[in-house]
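For reference, the structure is listed below as structure tokens.
The numbers here are math on the coordinates, done by the rules we state, and not lab data. The model shown is predicted, which means the values in this text are computed figures rather than measured ones. Every residue, glycine among them, receives a Cβ derived from its backbone with ideal geometry; neighbour counts consider all protein chains shown.
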Amino acid sequence: MLTVKSVHSYYESIHALKGVSLHVLKGEIVTLVGANGAGKSTLVKTICGFLRPSRGEIFFDNRPIHILPVEKIVELGIAVVPEGRQIFASLPVEVNLEMGAFLYRKDREYVQKMKEEMFERFPILRKRRNQLAGTLSGGEQQMLAIARALMSKPKLVILDEPSMGLAPLVVKEVFTIIQELRAEGKTILLIEQNARAALKIADRGYVLETGKVVLEGTGKALLEHSEVQRAYLGRGTPRIWEA
Amino acid sequence: MDYSRSEVKFGIYLVAVIILPFLFQGIQPISHYIDVMIFAGIFALVTLGLSLLMGYSGQISLAQAAFMGIGAYSTGVLTTLYSWPSMAALIAGMALTGAVAFIVGLPSLKLKGHYLAMATLGFGVIVHIVFNEEVELTGGPSGLVGIDTLKIATWRVDSPLEWYFLVWGLVTAVIVFSHNLAHSRIGRAFLAIHADEKAAGAMGISVSRYKVQVFVLSAVLASLAGSLYAHYVEFISPSSFDLLWSIRFVLMVMVGGMNNLWGALFGTVLLTFLSNEWLHVFAEWEMIIYGAILLTITLFVPEGIVPALSKLVRRRT
Amino acid sequence: MIKRQQEQSTILKLEGVSRNFGGLQALTEVSYRVPEGIIQAVIGPNGAGKTTLFNCISGLIPVTSGRIFFRDTRIDNLPAHRIASLGISRTFQHVALFKNMTVLENVMVGRHVKSHSGFMACGFRLPFMRREERDIRDRAYEFLKFVGLEPEARKPAGSLPLGKQKILEIARALATEPTLLLLDEPAGGLNAAETEELGELIKRIKNLGITVMIVEHDMNLVMEYSDRILVLHFGHVLAEGTPSEVKNDEKVIEVYLGTTEAC
Amino acid sequence: GLCAEEAYKIGAVFSVTGVASFLGEPEKKTAEMVVDQINASGGINGHRVELIVYDDESDATKATLAVKRLIKKDGVSVIIGPTRSGESLAVAPIAEKEQVPLISCAASYKIVTPVEERRWIFKTAPSDSHAVERIYEHMKSKGYKKIAILSVSTGFGASGREELLRYAEQYGLEIVADERYGPKDTDLTAQFTKVRSLEPDAIVNWSIGPTQILAVKTWRDLGMTSIPLYQSHGFGSRKNLELLGDAANGVFFPISAVVVGDLLPDSHPQKQVIMDYWNEYRRRYNEPVSSFGGHAWDAIQLAISALKAVGPDRAKIRDYLENLTGFVGQSGVFNFSPEDHNGLSKKDLVMVVVRDQEWVLAE
Amino acid sequence: MDWLQYLFAGVTIGAIYALVAIGYNIIYNVTEIINFAQGEFVMLGGLFAVFYCETLHLPLWLAFVGAVVTVGFIGFCFDRFIIRQARNVSVLSLIIVTIAFSIILKGGAMLAWGKDPYGLPPFTPGPPIIIGGAALQKQSLWIMGIGALIVAALSLFFHRSYYGKAMCACADNPDAARMMGIPVKKMILLSFVLSAVIGAAGGVIVTPLSLMEYDRGALLGLKGFGAAVLGGLGNFWGALIAGLILGVGESFCAGYLSSGYKDAVALVVLLLVLFVRPQGLFGSTEAAGVKRF
Ligand SMILES: Nc1ncnc2c1ncn2[C@@H]1O[C@H](COP(=O)(O)OP(=O)(O)OP(=O)(O)O)[C@@H](O)[C@H]1O
Ligand SMILES: Nc1ncnc2c1ncn2[C@@H]1O[C@H](COP(=O)(O)OP(=O)(O)OP(=O)(O)O)[C@@H](O)[C@H]1O
Ligand SMILES: [Mg+2]
Ligand SMILES: [Mg+2]
């Protein structure tokens, strides 16, 4: 579904991605782990068109997308929960959600239905529906960013650290949603600092280090890999809310 | 290392400032450039202050021409109507301008972005109207005549060369002062306020105090420039201190490079020469060409000419 | 760095602190005492009012009613910069660095409250100011070294990856030499290994004699490192106690932690 | 033969752009026309005349620099302009200090007084006081007692207002309203409404540019035509009549003879000079002359006649001008003297009134 | 009934200020830029109408349409060929770009039309209507009517329609907007065309009353900016009400206080309002807290 072929990206003179290749098959959950500054968010920005790769190609549904502008890429069916949330701070929560379904703006009923669905999943958002998104608490904003991305029924969802700032119960909810999405046949690229939980639900995973893929394998294999354990899973105290 | 680079820059500047007037005087077709440079220097006093305000602490002011006008009219009125010595009038003007800036700045600087622009703009227009309407004091729109040249103790600043060195001496002093300020805890506080007022407050920086202080500083510098202007031209009228001039000062700062003192200086000299000298040949087309140059600069070197140039130089070396 | 002697007196006292936003009660009558020298965690569901509480303590927003005492000084009516100079420093949930300044300069700004040169001294580079400036720089380096960001000193703060930006915020807050440090979700954006390093860093900070208040959703960090926990729920105090007490509190499990069964 | 001798240089500073551009534009055109004519007819004693025109953009700083440039870089023998009083006052000290004769085209009497401080400065435009006295004379003859004045807040308006206030008593007039407005104001209803409520015998409006047209429209729209409206001498442009149509009927104003050349009797001393200017200007630019162009004509002709008589020496030109009498120009017959560097009197203005989209001499 | 006369004059001029303010608001809502060329659009609207009507002898309504379309096209070019060329440029730089463009437009108008003022025949000829002893120009009715209509339409569009909300999202966070599939560039283009069109319409309807010449734009732009800020940036009803407050205030001040100080009094009031309500009369406090500009 998504194929990234030896992509290089730069921030002016900083070489942030140094030939990253990976692929995500239809209906898979693929997890990307990596230390701080490894280039995970940079990869997301490159896939959805905010950064032009200086070399390499990206295909989505067999179409080259590294030459398309952001809004065209999104139209193909990719939705993103970006790092730093990027909500519309001066607009009410409800309008933020509506904007998530911009591509379906003609279909009033659909928008209404999806909004209801999101309010069901994140009840706190219903309570705050008329509040300006910029005044939400950090976790509420994160929920809004996730809900907004799901409004457009995308084929591929890219989540950049979705659990950041969320309370344990809500993190659990988010992981449930991710698994439900897969059950619906959607494809997911998940970036998580909470690597253990992320790898556990993943079909496959990649490890990114200073702009390069250094390891790849099934979720389970990576979980058991000693380097991964040492570098990303910590001392191995299991999280209380993890099964 | 960083410091030595700025010392080199300063050295080049100093040599240029000292040599230029003699160069100009020697070459007949540009002998009057010294007069243009005097104006550029006077304006540079305004824009250096504005650069501290805009580039460092991130506040915009469209009232600088008004502050310059308060200085100029203090000098004009006090020396002609009340026969004050020029230095006393100059200092009184600076004090008055500082006080006015303080009173206006306190509530205004709580505003953000366009609202701050509107507030300072509004204040500038009000001052301009007062200059126009208080005919008894200011001479109204016809202006104030009969201002004598500047006298410092027994020195009567008379010849262009004397004016040049007086003005550019002051500019140099202001550059040194501002440069030092910018590279100190206070300069960092300005930058912090610019970047994030909340975080700056949490670091113990009194945001409103510093904003007002730098506003007052820039106003006082503008006032000084105004007094010099009045003495140099020996005539002032409200139209020299209207909104258009405030906008021009902002343009000078932006074109040269906002967060860079050299940028403000360069932008001032460049735009002064462009609009007073070099564009004359285009006659009717002058306005369009001026606009097009501004447009090109802001589009292609939005960070300003000086930062763009120094980036280029750094990449080469 | 200075080591303060440990004592079990109260460093921060909240008395019936409330804060409304329009019709919304973000904090309702919160009363609490924070003993000096401990790591005090504040947890609670999203929107419980934790950040709001920190904002009230640090003076970023005023309280609607109630009183806050820092040692014996009433601080709920003081502006943020006054509170900072009294010795309360903080980090932000959304990183609030001075993005275009370098990492080192960010920390140097933190030294603001500990330096005094005025406009004139700075403008004329008086000898006093030069000495102070050198001192600011040296001390800032020390703090960078303390958190391990020394190699990045010359980079613009905005170009650091998120995790390092969070650490930098801690360094900047430490540079004000606070006696009370408020950390708002410092582990957000850090992976498990990095979070453990952060835990150690917080411990070292505590060992300097600084009281640390920390808002965090990473329960490993909270349970392992904090001495006491305050649980907020819809602006009310839901529970308080030691980690083991809170961990087993029914109400806390229900609204916040969730049960440990599989999902 | 023209190239043989060195050219005589005349400098000019006009407000070709900016708020006063409608004054500076005809001035520049006129000056260029006159110089071309002179050069076509062989120049001055074999010397070509070189005219160097700078635009001050209605801005004092620019005017200052332009004059300095003319003196230092271009080395001109004499300067004509600037267009407006403000700029003229700003550059007068420079010409004085550098000892270069300057013939301003602006109105304010301050430009040439006090004469001791203005030894090198002359001006060709009639002073506002001349126009004011002419209007007041007319009012007095009609027996008006109470008048209202309106003025624009520019140098022109302020200076006119000052004179209106100064001379009122002398002509037995009481000023019941003294209203002002900005040069770019889009609406004068409030000012005229206030004036209407005070029931004056006559109204004087002192402005130039679009506001003088607005004033007439407002006066008519508010039904105030029973109160006679006087305008300043700045009203004398055909464009105003075109824009206003019948609305302007009944408006009085004093004007230089130049604008009403065709109405003058053949015996009028200026008739010939004016008609020559008219014909040439219309041929060249296909538009009617204005009084402002006339000021520039006078200034440039004065400069040329001085160059003709005494050559390019600055001091000699000054002395020549100061003692020149009986010079027939567009604005009147100039009689300069060491005490009077304007050389005109109120008699040089004629009073006209608008009838059927034309102006005619008022009795 | 002088006060009635002042009121008529004030409402008329206030409606013009409001039309200019609305132009600012449209572009501000989509980009956070204050477009200082807005006053120039008004000036061009008037002058192009003069061109079509007087020079080409088209009927007045056709001249109106022609002027509006022409200026709309200028707005289109401004965005397409200038604003869009600016990459990674701060809002402040873009504002400078609009100032530069306004200088060019003004210079161009000067070359094309010269410096004389021009007039247009009123839309409905005939003497003013006399109400209670005060004269009301028929043209004033046109101005008020068109002003109110435009405000109502825009207010509905931006606050009710999906498309309008999406336009606001562009200003708030253009990157996120693109991430939602919103064609940000098209939205910005639309905003420039729309505000040029509205500015031009304002210019055409005011020319019969107060004439138009090449450098009239700046002052109208300034007053319009005042109205936009006073009403709260981005708020259309706010702009209308603030425009009327400024217009009526000026008129009464000129009538009862001092005609010379009328602008100053209006500005002092504006400043005092801002000091008490930093987000303008009708701007929301909350939104001001989260907005950058
Ligand atoms: N805007 C920027 N300008 C310059 N450099 C940047 C910028 N953003 C990121 N970088 C650099 O690019 C590299 C990759 O950063 P990126 O944000 O992709 O990391 P990440 O893996 O997402 O880290 P994190 O876990 O902290 O989110 C880092 O070295 C970072 O310093
Ligand atoms: N300026 C504001 N206007 C209106 N409501 C606000 C404002 N700031 C915060 N709130 C609301 O107050 C509540 C408490 O917010 P706060 O940021 O303190 O939560 P928190 O406990 O820090 O949550 P999180 O864990 O998600 O960061 C939230 O529901 C939020 O929506
Ligand atoms: Mg990242
Ligand atoms: Mg929070």
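Assign one of three labels to chain B, namely rounded, prolate or oblate, based on the Cα gyration tensor with a ≥ b ≥ c the square roots of its eigenvalues; rounded applies when a/c is under 1.5, prolate when it is not and a/b is larger than b/c, and oblate otherwise. It is rounded, given that a/c, with a ≥ b ≥ c, falls under 1.5. Classify chain A: rounded, prolate or oblate, from the alpha-carbon gyration tensor (a ≥ b ≥ c, eigenvalue square roots; a/c under 1.5 rounded; otherwise prolate if a/b is larger than b/c)? Oblate. Counting only DSSP H runs of at least 4 residues, each contributing -39500 (n - 2.57), and dividing by the residue count of the protein assembly as shown, the helix-based mean residue ellipticity at 222 nm comes to -16500 deg cm²/dmol. For residue D:80, the residues whose modelled amide H falls within less than 5 Å of its own, excluding neighbours fewer than 5 places apart on the same chain, are D:11, D:12, D:13, D:103. Look at the stretch E:46-57: the mean tally of other chain Cβ atoms within 10 Å of its residues' Cβ atoms is 0. Of all DSSP bridge pairs formed entirely within chain D, close to 30 percent run antiparallel.
Taken residue by residue and averaged, Cβ atoms of other chains lying within 10 Å of the Cβ of A:30-40 number 3. With both labels modelled 7 Å from their Cα along Cα-to-Cβ, the residue C:251 to residue C:8 distance reads 2.5 nm.
Neighbours of residue E:268 by Cβ distance under 13 Å: Lys/Arg scored +1, Asp/Glu scored -1, total -1. Placing +1 on the Cβ of every Lys and Arg and -1 on the Cβ of every Asp and Glu, with no other charges, gives the stretch D:167-252 a dipole of roughly 340 debye about its Cα centre.
In the structure displayed, which of A:127/B:112; A:113/A:186; A:45/B:311; A:45/C:164; B:211/C:155; A:212/B:311 lie more than 24 Å apart, Cα to Cα?
Check vs 24 Å cut-off fails for A:127/B:112; A:45/B:311; B:211/C:155; A:212/B:311.
Peptide B:31-37 has a mean shielding of 5, counted as Cβ atoms of other protein chains within 10 Å of each residue's Cβ. Residues E:12, C:52 in ascending order of nearby Cβ atoms (within 10 Å, fewest first): C:52, E:12. Straight Cα distances below 12 angstrom link residue C:206 to the aspartates and glutamates C:36, C:227, with same-chain residues fewer than 8 positions distant left out.
A crude spin-label estimate for the pair residue D:286 and residue E:81, with each label 7 Å from Cα along the Cβ direction, gives 2.8 nm. Less than 5 angstrom separates the built amide H of residue A:213 from those of A:21, all sequence-distant by 5 or more or on a different chain. Placing R0 at 45 angstrom, the Cβ-Cβ distance between residue C:72 and residue A:54 gives a FRET efficiency of 0.15 after rounding to 0.05. Applying 1/(1 + (r/R0)^6) with R0 = 35 Å to the Cβ-Cβ distance of residue C:21 and residue A:218 gives a FRET efficiency near 0.15. Taking 0.36 nm per residue of separation and subtracting the current Cα-Cα distance, fully stretching the chain between residue A:120 and residue A:11 would add 35.2 nm. Put a dot 7 Å past the Cα of residue E:157, heading toward its Cβ, do the same for residue C:126, and the two dots end up 6.1 nm apart.
Panel order for B:246, D:291, by other beta carbons found within 10 Å of each beta carbon, from fewest to most: D:291, B:246.
If the chain linking residue D:340 and residue D:355 were pulled fully straight, counting 0.36 nm for each residue of separation and taking away their Cα-Cα distance, it would gain 1.8 nm.
For the cross-link pairs A:106/E:291; B:9/C:145; D:9/D:316; D:194/E:262, the ones whose C-alpha atoms lie over 22 Å apart are A:106/E:291; B:9/C:145. Rounded to the nearest 5, the antiparallel percentage of DSSP beta bridges internal to the protein assembly as shown is 50%.
Hey, fewest Cβ within 10 Å first, where do B:194, B:32 land in order?
Starting with the residue having the fewest Cβ neighbours, the order is B:194, B:32.
Annotation note: chymotrypsin sites (Phe, Trp or Tyr not before Pro) in the stretch E:229-281 located in DSSP loop regions with a Cβ neighbour count of at most 10 within 10 Å are absent.
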